[in-house]
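Trainee: Once you've had a glance at the structure underneath, I'll fire off some questions.
The values are calculated or read from the model by the stated rules, or taken from the named source; none is laboratory data. Computed from a predicted structure; not experimentally measured. Cβ coordinates were reconstructed from backbone atoms using ideal geometry, including for glycine residues, and neighbour counts include every protein chain displayed. Ligands, DNA and RNA are excluded from the accessible area calculation, which covers all protein heavy atoms including side chains. Shrake-Rupley method; radii C 1.70, N 1.55, O 1.52, S 1.80 Å.
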Amino acid sequence: MDARTPARHAEAVIEVRDLVVGFGDRVILNGLNLDVYRGEILGFVGTSGGGKSVLTRTILGLVRKRSGSVKVFGQELGTLNEKERSLMERRWGVLFQQGALFSSLTVKQNIQFPLREYLHMSQAMMDDVAFAKIAMVGLKSDVAEKMPSELSGGMIKRAALARSLALDPEILFLDEPTSGLDPIGAGDFDELIRTLQQTLGLTVFMVTHDLDSLHTVCDRIAALADGKVIAEGTIATMMAAKHPWLQAYFHGSRARAVFGAQG
Amino acid sequence: MISVRSQDGGLVVAGRGAWTAHFAGALEQEVDAALAAHARPATVEIDLAGVERMDTFGALLLERLRRTWQTSGVVPRVTGLAPKYAELVEEISRTGQEPPPPKRRTEELLERIGHTMVDVGKDAMALLNFVGATVAATWRMILRPKSFRFTSMVNQLDQVGFRAVPIIMLITFLIGAILAQQGLFYFRRFGAEIYVVDLVGVLVLRELGVLIVAIMIAGRSGSAYTAELGAMCMQEEVDALSVMGFDPVEVLVVPRILALIIALPLLTFIGSMSAIFGGLLAAWSYGGITPDVFIERLKYAIDLDQFEVGMYKAPFMAFVIGIVACLEGLRVGGSAESLGRHTTAAVVKAIFLVIVMDGLFAMFFASIDL
């Protein structure tokens with residue numbers, strides 16, 4: 001575990017400071033602080049409806065913040081002009097919970113979509129890239145010509161992951177990547193994320209509920225409750241935390257099954 | 001990005017800079033140029049010591065260099081690759097081994113015509129089947145009146161009936177006015193301006209009122225029905241109803257169609273009145289026919305039959321619009337594209353059938369001398 005934990009002096013690629021986000025008179029995130037370091041896999045847990053997705057969407061600029069700062073690669077998103085923003089958006093990839101593949105395009109066209117928009121290269125090169133990404137996420141090449149509606153749930157996740165990796169991003173956002181997969185599929189997917197992270201040198205921000213994922217792939221875990229990050233660190237830190245929600249989460253019957261003797 | 005030089009009878013390809021996505025287009029051209037210029041060198045060394053950064057795109061192009069020369073019998077030697085990229089290069093060399101699958105075929109013209117013909121036949125059967133299912137569901141409801149979804153129907157009535165009133169009134173008002181204004185110019189040549197009242201009255205009450213309103217409703221409410229039901233299909237809501245023991249036709253379709261059958265005659269009445277009012281104003285301002293003269297002439301020109309002919313048609317048209325829209329909605333598949341296609345199909349088919357029905361009614365009323 002220690003070998004994987006990034007050194008304290010590692011560069012923070014995402015820095016969130018005193019973030020406040022709310023809708024109407026409801027405040028979802030209230031003074032949230034979080035750092036994500038280069039090259040780590042950060043697992044993000046929290047109560048359901050507690051604002052995990054809201055934080056992800058705020059970092060991505062899909063939700064407006066009320067105050068505080070969100071810096072990605074050291075740049076405040078709100079201060080960028082359109083061109084800088086587009087350059088920034090090419091440096092991250094997002095895997096949405098339902099995949100969000102474009103339903104009217106084949107898998108190959110889905111992967112090539114960002115390439116076609118941003119880079120100028122031949123069709124042969126784009127085909128090479130698409131087939132390489134499809135192979136990297138563990139799909140067979142015949143999936144390339146299929147429509148998203150012809151794929152199973154697990155294949156959709158993998159195809160969507162291939163699309164999010166299309167531009168070789170530095171940060172990968174995963175929203176509940178293993179939800180809806182069977183335990184074997186989920187285990188394979190965890191392993192895939194670990195392999196890709198090492199091969200491509202990714203930084204991964206993963207919102208998850210899957211205790212197995214937290215245990216096997218995450219270098220560090222951050223827990224969200226009451227609109228703040230209440231604990232950060234390894235599994236051991238989480239187990240030792242006193243917050244009642246963390247106690248319930250990491251010492252429940254499901255957690256005991258995963259962590260065994262440690263629990 | 002790369003420089004090629006000959007050394008000791010062999011070829012040395014030296015890479016430098018960033019072999020990343022951003023520069024992949026330029027790098028690709030240089031790689032292809034190098035491959036074209038040196039199709040069959042004696043030996044090749046690919047020196048990557050100068051490459052600062054590399055991602056999948058760079059690794060893929062390295063792989064292209066290697067593979068192309070390998071197939072012509074030269075095995076390139078790769079040197080100077082930074083250790084941190086070794087894993088990536090190895091991973092990429094494993095990909096692309098499988099042959100690419102055949103492209104999705106697009107249909108030829110003749111093939112498309114054939115398929116369309118078969119589809120038309122299938123559509124007709126599906127429509128008939130659906131009419132049967134709807135009538136059966138309605139019959140079950142008549143036997144068990146308690147199961148009728150009154151709230152749902154009132155809600156639909158509000159959506160397709162009440163909220164459609166302003167736009168229907170506006171459109172029919174304008175059409176009535178245009179009809180009268182155009183008619184006036186022709187009747188004036190014969191000094192028979194007053195006959196414009198007959199024109200507007202008969203045309204609107206018999207044909208145009210119901211036709212315009214039906215077409216408007218097919219576009220406005222028919223498409224809404226298809227989109228609503230289609231979105232429910234996509235989210236598996238319709239399947240959820242079925243497995244809970246409900247008949248989707250009974251729950252979703254019958255209230256909608258009944259709401260249309262009630263709303264369309266009412267809208268037709270409102271629309272016809274609005275069109276006649278538009279005609280009255282146009283006749284007044286363009287032809288100097290005062291309202292009291294207009295109404296006096298209208299009483300003489302039309303009788304109840306004209307009005308009834310228009311109104312009889314309305315519920316039948318409502319039924320056709322509702323059936324087509326709901327059927328198309330329930331046939332929506334998984335994709336957004338499919339939803340769009342079926343919504344278009346619903347509106348086009350509904351309008352087509354409305355006009356065909358109007359023709360059939362014209363023949364029917366002519367043969368019974370109405």
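Trainee: From the list B:Arg53, B:Arg16, B:Arg40, B:Arg5, which one is in contact with a strand residue (DSSP E or B) (Cβ under 8 Å, 6 or more places away or on another chain), surrounded by fewer than 17 Cβ atoms within 10 Å (Cβ to Cβ), of a type in the set (Lys, Arg) and farther than 30 Å from A:Gln197 by Cβ?
Mentor: Working: B:Arg53 fails: farther than 30 Å from A:Gln197 by Cβ; B:Arg16 fails: farther than 30 Å from A:Gln197 by Cβ; B:Arg40 fails: in contact with a strand residue (DSSP E or B) (Cβ under 8 Å, 6 or more places away or on another chain).
Checking each option against the conditions leaves just B:Arg5.
Trainee: Would you pick out the residues in segment A:153-171 that are modelled with pLDDT of 85 or more, more than 10 Å from chain B (Cβ to nearest Cβ) and open to solvent by 20 Å² or more (accessible area, probe 1.4 Å)?
Mentor: Of everything in segment A:153-171, those that are modelled with pLDDT of 85 or more, more than 10 Å from chain B (Cβ to nearest Cβ) and open to solvent by 20 Å² or more (accessible area, probe 1.4 Å) turn out to be A:Met155, A:Ile156, A:Arg158, A:Arg163.
Trainee: Quick one: would you say B:Val213 is among the aliphatic types (A, V, I, L, M), assigned by TED's automatic domain parsing to the domain that holds B:Leu260, crowded, with 19+ Cβ neighbours inside 10 Å and at pLDDT below 95?
Mentor: On the way: among the aliphatic types (A, V, I, L, M): yes; assigned by TED's automatic domain parsing to the domain that holds B:Leu260: yes; crowded, with 19+ Cβ neighbours inside 10 Å: yes; at pLDDT below 95: no.
Taking the combined requirement at face value, the residue does not satisfy it.
Trainee: Among the residues of segment B:87-107, are any of a type outside the set (Val, Ile, Thr), away from chain A (no Cβ under 14 Å) and loosely packed, with under 13 Cβ neighbours inside 10 Å? It would help to see each step written out before you state the result.
Mentor: Start the filter on segment B:87-107 by keeping residues that are of a type outside the set (Val, Ile, Thr), which leaves B:87-88, B:90-91, B:93-94, B:96-105, B:107.
Narrowing the set further to residues that are away from chain A (no Cβ under 14 Å) leaves B:107.
In the following step, the residues that additionally are loosely packed, with under 13 Cβ neighbours inside 10 Å were identified as B:107.
There is at least one residue in segment B:87-107 that is of a type outside the set (Val, Ile, Thr), away from chain A (no Cβ under 14 Å) and loosely packed, with under 13 Cβ neighbours inside 10 Å.
Trainee: Next up: Where in segment A:27-120 are the strands (runs of 3 or more DSSP E), entirely inside, with at least 3 residues that are under 19 Å from A:His209 (Cβ atoms)? Even if it seems obvious, please write down each step before you answer.
Mentor: On the way: elements: A:41-46, A:67-72, A:92-95.
Fully inside segment A:27-120 and qualifying: A:41-46.
Trainee: Is it fair to say A:Gly78 is under 22 Å from the mean Cα position of the chain (by Cα) and open to solvent by less than 30 Å² (accessible area, probe 1.4 Å)?
Mentor: Details: under 22 Å from the mean Cα position of the chain (by Cα): yes; open to solvent by less than 30 Å² (accessible area, probe 1.4 Å): no.
Criteria not met by A:Gly78.
Trainee: Moving to a separate point now. If I filter segment B:56-80 down to residues being more than 14 Å from chain A (Cβ to nearest Cβ) and in contact with a strand residue (DSSP E or B) (Cβ under 6 Å, 6 or more places away or on another chain), which single residue comes out as surrounded by the most Cβ atoms within 10 Å (Cβ to Cβ)? Lay out the reasoning, then the answer.
Mentor: Here is the first cut: in segment B:56-80, the residues more than 14 Å from chain A (Cβ to nearest Cβ) are B:69-80.
Now drop any that are not in contact with a strand residue (DSSP E or B) (Cβ under 6 Å, 6 or more places away or on another chain), which leaves B:69, B:74, B:76-80.
On the way: B:Trp69: 23, B:Val74: 19, B:Pro76: 19, B:Arg77: 13, B:Val78: 17, B:Thr79: 12, B:Gly80: 13.
This residue is B:Trp69.
Trainee: Could you figure out which of (1) in contact with an Asp or Glu (Cβ under 8 Å, 6 or more places away or on another chain); (2) within 12 Å of chain B (Cβ to nearest Cβ) isn't true of A:Gln109?
Mentor: (1)
Trainee: Determine whether A:Ser213 is open to solvent by less than 30 Å² (accessible area, probe 1.4 Å), in the same structural domain as A:Gln112 (by TED's automatic domain parsing) and not basic (Lys, Arg).
Mentor: Details: open to solvent by less than 30 Å² (accessible area, probe 1.4 Å): yes; in the same structural domain as A:Gln112 (by TED's automatic domain parsing): no; not basic (Lys, Arg): yes.
It is false that A:Ser213 is open to solvent by less than 30 Å² (accessible area, probe 1.4 Å), in the same structural domain as A:Gln112 (by TED's automatic domain parsing) and not basic (Lys, Arg).
Trainee: Another question about this same structure. Please go through segment B:108-143 and pick out each residue that is farther than 30 Å from A:Leu105 by Cβ and either of a type outside the set (A, V, I, L, M, F, W, C) or within 14 Å of another protein chain (Cβ to nearest Cβ) (or both). Spell out how you get there, then give the answer.
Mentor: The initial filter retains those residues of segment B:108-143 that are farther than 30 Å from A:Leu105 by Cβ, namely B:121, B:124-125, B:127-143.
Of everything in segment B:108-143, those that are farther than 30 Å from A:Leu105 by Cβ and either of a type outside the set (A, V, I, L, M, F, W, C) or within 14 Å of another protein chain (Cβ to nearest Cβ) (or both) turn out to be B:Gly121, B:Asn129, B:Gly132, B:Thr134, B:Thr138, B:Arg140.
Trainee: Given the criterion open to solvent by less than 10 Å² (accessible area, probe 1.4 Å) and more than 11 Å from chain B (Cβ to nearest Cβ), identify the matching residue among A:Val27, A:Val129, A:Val45.
Mentor: Values: A:Val27 fails: open to solvent by less than 10 Å² (accessible area, probe 1.4 Å); A:Val129 fails: more than 11 Å from chain B (Cβ to nearest Cβ).
On inspection, the qualifying residue turns out to be A:Val45.
Trainee: Taking segment B:221-248 as the region of interest, how many residues are open to solvent by 20 Å² or more (accessible area, probe 1.4 Å) and either in contact (Cβ under 8 Å) with a residue 12 or more places away in the chain or touching a His at 6+ places or on another chain (Cβ under 9 Å) (or both)? Step through it out loud before you land on a result.
Mentor: Start the filter on segment B:221-248 by keeping residues that are open to solvent by 20 Å² or more (accessible area, probe 1.4 Å), which leaves B:223-224, B:227-228, B:231-237, B:239-248.
Next, only the ones that are either in contact (Cβ under 8 Å) with a residue 12 or more places away in the chain or touching a His at 6+ places or on another chain (Cβ under 9 Å) (or both) stay: B:223-224, B:227-228, B:231-234, B:247-248.
Number satisfying all stated conditions: 10.
Trainee: Mind listing whichever residues of segment A:132-142 are closer than 22 Å to A:Glu176 by Cβ, more than 7 Å from every other protein chain (Cβ to nearest Cβ) and part of a helix (DSSP H, G or I)? Walk me through it before giving the result.
Mentor: Applying the first criterion (closer than 22 Å to A:Glu176 by Cβ) to segment A:132-142 yields A:133, A:136-139.
Next, only the ones that are more than 7 Å from every other protein chain (Cβ to nearest Cβ) stay: A:133, A:137-139.
Result: A:Lys133, single match.
Trainee: Residues to consider are B:Leu258, B:Leu281; find the one that is under 30 Å from B:Ser147 (Cα atoms), touching a residue at least 40 places away in the same chain (Cβ under 8 Å), open to solvent by 20 Å² or more (accessible area, probe 1.4 Å) and out of contact with any strand residue (DSSP E or B) (no Cβ under 7 Å at 6 or more places or on another chain). Lay out the reasoning, then the answer.
Mentor: Values: B:Leu281 fails: under 30 Å from B:Ser147 (Cα atoms).
Residue meeting the stated conditions: B:Leu258.
Trainee: It is to be established whether one or more residues within segment B:324-339 are hydroxyl-bearing (Ser, Thr, Tyr) and in a helix (DSSP H, G or I).
Mentor: Within segment B:324-339, one or more residues are hydroxyl-bearing (Ser, Thr, Tyr) and in a helix (DSSP H, G or I).
Trainee: Give A:Val107, A:Val63, A:Val20 a once-over and let me know the one that is open to solvent by less than 20 Å² (accessible area, probe 1.4 Å) and β-branched (Val, Ile, Thr). Write out each step before concluding.
Mentor: Numbers: A:Val63 fails: open to solvent by less than 20 Å² (accessible area, probe 1.4 Å); A:Val20 fails: open to solvent by less than 20 Å² (accessible area, probe 1.4 Å).
Sole residue among the options that is open to solvent by less than 20 Å² (accessible area, probe 1.4 Å) and β-branched (Val, Ile, Thr): A:Val107.
Trainee: Next up: Inspect segment B:330-340 for any residue being acidic (Asp, Glu) and open to solvent by 30 Å² or more (accessible area, probe 1.4 Å) and give the result as yes or no.
Mentor: Let us first name the residues in segment B:330-340 that are acidic (Asp, Glu), namely B:337.
Add one more test, that the residue is open to solvent by 30 Å² or more (accessible area, probe 1.4 Å), and what stays is B:337.
Checked against the condition, which is being acidic (Asp, Glu) and open to solvent by 30 Å² or more (accessible area, probe 1.4 Å), segment B:330-340 yields at least one hit.
Trainee: Shifting gears a bit: Given (1) in contact (Cβ under 8 Å) with a residue 60 or more places away in the chain; (2) crowded, with 20+ Cβ neighbours inside 10 Å, where does A:Ala225 come up short, assuming only one miss?
Mentor: (2)
Trainee: Given the criteria in contact (Cβ under 8 Å) with a residue 24 or more places away in the chain and more than 14 Å from every other protein chain (Cβ to nearest Cβ), does B:Val51 qualify? Break it down into steps so the answer makes sense when it comes.
Mentor: Working: in contact (Cβ under 8 Å) with a residue 24 or more places away in the chain: yes; more than 14 Å from every other protein chain (Cβ to nearest Cβ): yes.
Judged against the criteria, B:Val51 is a match.
Trainee: Assuming B:Gly183 fulfils every condition listed in (1) open to solvent by less than 80 Å² (accessible area, probe 1.4 Å); (2) free of Cβ contacts under 8 Å to residues at least 24 places away in the same chain; (3) closer than 30 Å to B:Leu60 by Cβ apart from one, which condition is it?
Mentor: With (1) open to solvent by less than 80 Å² (accessible area, probe 1.4 Å); (2) free of Cβ contacts under 8 Å to residues at least 24 places away in the same chain; (3) closer than 30 Å to B:Leu60 by Cβ applied to B:Gly183, the lone miss is (3).
Trainee: At least 1 residues that are of a type in the set (Ser, Thr, Tyr) in each: list the strands (runs of 3 or more DSSP E) lying fully within segment A:159-263 that qualify. First the steps, then the outcome.
Mentor: Working: elements: A:171-175, A:203-207, A:220-225, A:228-233.
Because the criterion is at least 1 residues that are of a type in the set (Ser, Thr, Tyr), the strands (runs of 3 or more DSSP E) in segment A:159-263 that meet it are A:203-207.
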